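Note sheet for the following structure.
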Amino acid sequence: MKVNCDLGEHANNEENPDAHIMPYIDMANIACGGHAGDAQTMADTIAMAKNEQVIIGAHPSYPDRANFGRVSLTLPKDALVNSLVEQIDALHSAATKQDAKVSYVKPHGALYNDMMKDSDIFSSVCAAVAKTNRQRTPQQKLMIQALVDNSEQRDIAKQYNIELIYEAFADRGLLSDGRLQSRQYDNALITDRIKVKKRVHQLIAHQEMTTVNSEIITIKADTLCLHGDNPNAADIVTTIRTVLEELNEDG
């Protein structure tokens, strides 16, 4: 089980929290300009990822820096696809300068949530990934949320010849179908590392997770996500790594 984290989301005039997290993760979802990130943060985060031998992924979003990509936007399909292609290509360009590869794409925030419940938006995301996959080897995969039923996403991705990576969330509240609890609610983000530890153990040992309504649902995932903006991210990521090592699921 690999650990992934959203990184490169800080401003250049802020302290960079990523250095405390990067040594403990396997996959870095790097912001590429839509909600956060610029040429400098992309270059810095890629360099850190290379140094720690962390797999690099693009983390595009709705083009909405003012709201950190956390507000749903209604965009024509072409406009959304073009924006995502521009963001993904920007990270590829930054990676190429350091002889690094972008291996996958994971959308951010509202776009991520919207694509998991709207097949048209999911199709737009797949179209962008497919477009940026042209003449690139290896082909980028698309990281999506592991739900109770992912058949719709699988069918659409297959039309675009895109391989999926399924992720579960160590520090987010879940609804009964496996989707994320809205950040409008207090139980959307889990900051207690003991609770996170129990959730990770439950997922790895039993392929189950507990929802915000105390239901037990089945989740099959390839990777665990930790949010870089979690105030206790550094403590939580070491806790996750400890559980994975205990269960012989490290990396």
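The values are calculated or read from the model by the stated rules, or taken from the named source; none is laboratory data. Quick caveat: nothing in here was measured; it's all calculated off a predicted structure. For neighbour counting, all protein chains shown are included, and Cβ atoms are generated from backbone atoms with ideal geometry for every residue, glycine included.
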Condition check: polar (S, T, N, Q), over 23 Å from GLY228 (Cα atoms), out of contact with any helix residue (DSSP H, G or I) (no Cβ under 7 Å at 6 or more places or on another chain) and part of a helix (DSSP H, G or I). Does ASN113 satisfy that? no
Breaking point among (1) of a type in the set (Gly, Ala, Ser); (2) modelled with pLDDT of 90 or more; (3) in contact with a Lys or Arg (Cβ under 9 Å, 6 or more places away or on another chain), for GLY251: (2)
Within segment 199-214, track down each residue that is small (Gly, Ala, Ser) and either closer than 15 Å to GLU245 by Cβ or surrounded by 16 or more Cβ atoms within 10 Å (Cβ to Cβ) (or both). ALA205
Flagged in segment 156-182 as surrounded by fewer than 20 Cβ atoms within 10 Å (Cβ to Cβ), of a type in the set (D, E, K, R) and touching a helix residue (DSSP H, G or I) at 6+ places or on another chain (Cβ under 9 Å), in numbering order, are GLU163, ARG179
Scanning for something of a type outside the set (Phe, Trp, Tyr) and touching a Lys or Arg at 6+ places or on another chain (Cβ under 7 Å), does segment 5-22 turn up at least one residue? no
Qualifying position, being modelled with pLDDT of 95 or more, of a type in the set (S, T, N, Q) and surrounded by 20 or more Cβ atoms within 10 Å (Cβ to Cβ), among SER93, SER83, SER119: SER83
Residue satisfying all of: in segment 96-115; of a type in the set (D, E, K, R) and out of contact with any strand residue (DSSP E or B) (no Cβ under 7 Å at 6 or more places or on another chain); surrounded by the most Cβ atoms within 10 Å (Cβ to Cβ) among these: ASP114
Conditions: (1) modelled with pLDDT under 95; (2) touching an Asp or Glu at 6+ places or on another chain (Cβ under 7 Å). ARG172 meets all but one. Number of the miss? (2)
Among residues of segment 133-146 being in contact (Cβ under 8 Å) with a residue 60 or more places away in the chain and closer than 15 Å to PRO60 by Cα, the residue surrounded by the most Cβ atoms within 10 Å (Cβ to Cβ) is MET143
Regarding GLN53, is this residue at pLDDT 95 or above, within 17 Å of the chain's Cα centre (by Cα) and closer than 26 Å to PHE169 by Cα? no
Could you pull out the residue among ALA36, ALA28, ALA58 that is of a type outside the set (Asp, Glu), surrounded by 18 or more Cβ atoms within 10 Å (Cβ to Cβ), at pLDDT 95 or above and part of a loop (DSSP other than H, G, I, E, B)? ALA36
Strands (runs of 3 or more DSSP E) contained entirely in segment 147-251, each with at least 2 residues that are under 30 Å from SER123 (Cβ atoms) and in contact (Cβ under 8 Å) with a residue 12 or more places away in the chain: 164-169, 216-218, 223-226
